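> Structure incoming, see below.
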Amino acid sequence: MIKLVIFDLDGTLLNTIDDLASSCNYLLRKYHLPEHTTDQYRYFVGNGIPKLLERMLPAHLKTDREFRGVLLEEFLDHYAQHKADLTAPYQGIPELLAALRDNHIAIAVASNKVHEAIEPLLKHYFPDIPFAASFGQRAGFPLKPDAAVVEAILEVVQVDKGETLYVGDTGVDMQTAVNANVMAIGALWGFRTKEEILDAGAHCVVTSPLEILKIMDSLA
């Protein structure tokens, strides 16, 4: 029986790509650098903000640590002010979370997003959902696909791995679940392809959030 569902945030619970792309392109315009389309940013995200900024830069600036440090500070400031401009939950996510809550299933978030941005987003978009734990990118803490974030959540919630599902939309998410030895469900409504998700070790994929409830019923 499943007692805990861990979700990735960007591309799984929330469609954040427009606000992420907007903050990135704001910085690129500021420094007179080439901008990217929103679809291109779908393949830049997933490994934390420093890696996102590296991927958006032209080749001659990717190794400029000083410039990237400046960009990181400016990005965090701009995104903090604009993180909810265009972001919204995916269709079916509020209903899924409510069903899990009503059935006393613990809900948690494991993200490579900057840790400080996660709680405000969860409170804004899901004010009635009691998240048991939510962890993002923190100093001295390894990013996904390292299993440390899942282990930290399990320690807080006190649930066995065999009673846990991990839901995410990228290969990094599936690798995280595999590394943590928990069941991985790939969300096809997010940022990456079905092929990437399956190649990275997903146990199964779903095309809509409420399908996860059916999977849980089959495991009961």
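The values are calculated or read from the model by the stated rules, or taken from the named source; none is laboratory data. Worth saying up front: this structure is predicted, and the values here are computed from it rather than measured. Cβ: placed from backbone, ideal geometry, glycine included. Neighbour counts: every protein chain shown.
> What about K144, is it assigned by TED's automatic domain parsing to the domain that holds A202, within 13 Å of the chain's Cα centre (by Cα) and not β-branched (V, I, T)?
yes
> Mind telling me which of the residues A98, A139 ends up being of a type in the set (A, V, I, L, M, F, W, C), at pLDDT below 95, over 16 Å from the mean Cα position of the chain (by Cα) and not assigned by TED's automatic domain parsing to the domain that holds Y26?
A139
> Give the residue, chosen from D64, D77, that is of a type outside the set (S, T, N, Q) and surrounded by 13 or more Cβ atoms within 10 Å (Cβ to Cβ).
Checking each option against the conditions leaves just D64.
> Considering V159, V205, which residue is within 21 Å of T16 (Cβ to Cβ), at pLDDT 95 or above and not in a helix (DSSP H, G or I)?
V205
> Another one. Tell me the residue from L86, L52 that is at pLDDT 95 or above and either farther than 28 Å from S208 by Cβ or assigned to a helix (DSSP H, G or I) (or both), please. Outline the logic, then answer.
Numbers: L86 fails: either farther than 28 Å from S208 by Cβ or assigned to a helix (DSSP H, G or I) (or both).
Sole residue among the options that is at pLDDT 95 or above and either farther than 28 Å from S208 by Cβ or assigned to a helix (DSSP H, G or I) (or both): L52.
> Any chance the stretch 185-205 includes a residue that's within 24 Å of N47 (Cβ to Cβ), of a type in the set (S, T, N, Q), outside the structural domain of R42 (by TED's automatic domain parsing) and surrounded by fewer than 20 Cβ atoms within 10 Å (Cβ to Cβ)?
yes
> May I pose another question? Considering (1) outside any loop (DSSP other than H, G, I, E, B); (2) in contact with a His (Cβ under 9 Å, 6 or more places away or on another chain), say which one F44 fails and leave the rest.
The single condition F44 does not satisfy is (1).
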